[in-house]
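Reviewing the structure listed below.
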């Protein structure tokens with residue numbers, strides 16, 4: 001079985017929506033890293049030396065390869081990544097090897113068998 005890692009940087013108020021969309025699309029779980037900071041094409045605004053950043057979360061999804069594009073698209077829609085400037089980004093990368101997901105692999109295998 002081949003896997004992709006989807007990494008999404010989203011506004012913290014969109015985290016739960018993105019997690020729900022990913023799970024409904026086939027993701028079996030996620031890791032959430034809270035309070036990340038980032039900067040896009042425009043620098044963050046400051047007020048008397050204090051940065052006015054929108055809080056962000058980093059979401060990590062290890063997903064089965066054939067589901068990855070569908071999940072990525074649902075994440076983008078839920079997080080408004082293409083429709084709202086500065087809302088965040090999401091991308092996927094290849095995963096060469098994985099340890100510690102035996103139960104998820106069994107569940108995915110059963111789902112594949114049921115589809116056939």
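Bear in mind these aren't lab numbers, they're just calculated from the coordinates by the rules spelled out. Quick caveat, the model's predicted, so the values are computed rather than measured.
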* Asked: Taking only Cα atoms, what is the 0 to 90° angle, nearest 10, from helix 65-78's long axis to the longest principal axis of the chain?
  -> 30 degrees
* Structure fact -> Contact order relative to length for the chain, counting C-alpha pairs under 8 Å separated by 6 or more residues, stands in percent at 41 percent
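First check a/c for the chain, with a ≥ b ≥ c the square roots of the eigenvalues of its C-alpha gyration tensor; if it is under 1.5, answer rounded, and if not, answer prolate when a/b is larger than b/c or oblate otherwise.
Taking the square roots of the gyration eigenvalues as a ≥ b ≥ c, the chain is prolate.
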* To do: Using only Cα atoms, find the angle between the long axis of helix 102-115 and the longest principal axis of the chain, and express it within 0 to 90 degrees, rounded to the nearest 10.
  => 70 degrees
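When the helices in the chain are scored as -39500 (n - 2.57) per DSSP H run of 4 or longer and the sum is shared across all residues, what 222 nm value do you end up with, to the nearest 500 deg cm²/dmol?
Numbers: 3 runs with 38 residues, N = 116.
The helix-only estimate for the chain comes to -10500 deg cm²/dmol at 222 nm.
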* **Residue-span extension gain [residue 105 to residue 1] - 0.36 nm each, minus C-alpha spacing** => 36.7 nm
* Nearest 10 degrees, 0 to 90: what angle lies between the long axis of helix 15-24 and the longest principal axis of the chain (Cα atoms)? -> 20 degrees
